[in-house]
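A short worksheet on the structure shown next.
Nothing in this text is a laboratory measurement; each read-out follows from the coordinates by a stated rule. Quick caveat: nothing in here was measured; it's all calculated off a predicted structure. In this analysis, Cβ positions are derived from the backbone assuming ideal geometry, glycine residues included, and neighbour counts consider all displayed protein chains.
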Amino acid sequence: MPKQSIEINKSPQEVYAFLEHQLAAVYKGDVAHLLNATTNSTLQSSKGTLPLKQQVTEIVVNERIRFESKYGKDQAITEYRLEPSEVGCLLTLQEEGSSEKFSRRLNFKLFSLPFFRSYAERRLATMLQNIKQQLETDPQNDSH
């Protein structure tokens, strides 16, 4: 399971509000109705396009947001976890994949190998760095 964390110079409440608003925009809803919100789109694959369904499955205000993505016979679970820190907030992002197909299940297990895991962790680290940059440099985020 790829996992990365970053310190953000904002409170967990501010980081949570930012994530909540970002997800509400993706799910085309409002923050009050984010739990169980779904969105449908398509995902490009080597065999064409696959339907992609995403759903917010768990919310613990100011602590955790989890959502599932289902595409074809595969599923990914993504979780943002927030903890208070000396700097402000420790934000952790982790992903876990599974599949009904044996070969794809094996691919997800390969992410535990150092080379594949480091690639996935770099991708998560980049995502977290973008969130940090938006929160710490955008004056609009001071009002959340």
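Pairs K28/K132; K47/K70; K10/K53; K47/K132: which exceed 27 Å Cα-Cα?
With Cα atoms farther than 27 Å apart: K10/K53; K47/K132.
Checking the cross-link filter: which aspartates and glutamates have an alpha carbon closer than 12 Å to that of K73, excluding same-chain neighbours under 8 positions apart? Partners found: E100.
Once you list every other residue whose beta carbon is under 13 Å from the beta carbon of V60, what net charge do they have if Lys and Arg are +1 and Asp and Glu are -1?
On the way: positive: R64, R66, R81; negative: E20, E58, E63, E79, E83.
Spelling it out: positives minus negatives among the neighbours equals -2.
Can you compute the FRET efficiency between S11 and D138 using 1/(1 + (r/R0)^6), with r the Cβ-Cβ distance and R0 = 22 Å? Round to the nearest 0.05. Let's see the in-between values first.
Numbers: r = 16 Å, r/R0 = 0.72.
So, using R0 = 22 Å, E works out to roughly 0.90.
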